[in-house]
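Q: Got a structure here, written out as structure tokens. Questions coming.
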Amino acid sequence: MPPQPCGTDPAVARATRRAVLAAAFLLPAAASAQTVDDSLAGVVRRGVLRVNIGYWTASFVPQPAPGEPRMRDSFHEALARQIARQFGVRAELLPARESGDGIQRLNSGAVDLALAPPLTRNLLRQIMFCAPHAMMDLVVLGRTPPEGERARPRLDAMRLGTLAVLAPTLADRGALTSMMPVATPWLLMEHLLEGRLDGVIVTRVMADSALVHFEGAGLRVQQAITSAAFGGAVAYGAHDLRRAVNLAIEQLLLDGSLAALFRREMGLPFNPPYPE
């Protein structure tokens, strides 16, 4: 029988908090000589799970005043609160200012968890990933070609850009010889709309949001590049916190809560990280 989600009853929260704290000390005997892992115990003592919220399932949010469009990832905000609730603590959300903030904040100790970068070889060298919880297509978003040009554009002939944390991985692909790393989604869109880039590589979620937000700009999804797995990440050495996050994600996947949360917040079908 799959584990049941924790409720908001105070007695349940206290029991969950005690269980989560106790789990931090259930380590193999071989690890006892190593530096004590305080990652989970520290979160429970503080009563706060500090979470960096990135861009990959973020949508452009209209603003009443002129200026850069704001991004909001309501899915990962809600997921952060669900994970924190299972730990018996509250979530403190820190939206990313630029691509890569999650890595820097993890390594400096400013946050406990980052939600949710793409799993790439480059990032695996810098942070420790939790189990992936979503799969998303990466697509090329570009300008609609002149009338009559219906052929799929050649990627090796395009000036392409993507968010900075993904650029090194995409640049390693043989067909993507030109790849500009860009700090923020709105700067990425500015480069595209002003003609400095021929296309931008983003998740399908971000592309769909851009089509709505920049309606009338002549944008279209030109093609899908690949599918990428996305998961939470912690700093190297935070093994207890990583195990606890993995358990929380597994429970949300098993009972269908994660899929329901994605559909509610994004209005899109949920692609599980593992084929069913």
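Readers should treat all values here as calculations from the given coordinates under stated rules, not as data from a laboratory. These figures come from a predicted structure and were not determined experimentally. Glycine also receives a Cβ, built like all others from the backbone with ideal geometry; neighbour counts cover every protein chain displayed.
Q: Taking 0.36 nm per intervening residue step and subtracting the Cα-Cα distance, what contour gain separates residue 74 from residue 97 on full extension? Don't jump to the answer; show the numbers that get you there.
A: Working: separation 23, 0.36 × 23 = 8.28 nm, distance 1.58 nm.
Net length gain for the segment: 6.7 nm.
Q: Given contacts defined as C-alpha pairs under 8 Å and at least six residues apart, what's the relative contact order of region 125-276, whole-number percent?
A: The normalised contact order for region 125-276 reaches 40 percent.
Q: Separation of region 84-148 and region 172-222 by C-alpha centroid, Å?
A: Taking the Cα centre of region 172-222 as reference, the centre of region 84-148 is 18 Å away.
Q: Moving on to the next point. Between residue 223 and residue 108, what FRET efficiency follows from the Cβ-Cβ distance if R0 is 35 Å, with the result rounded to 0.05?
A: Once the sixth-power term is evaluated, E becomes 0.40.
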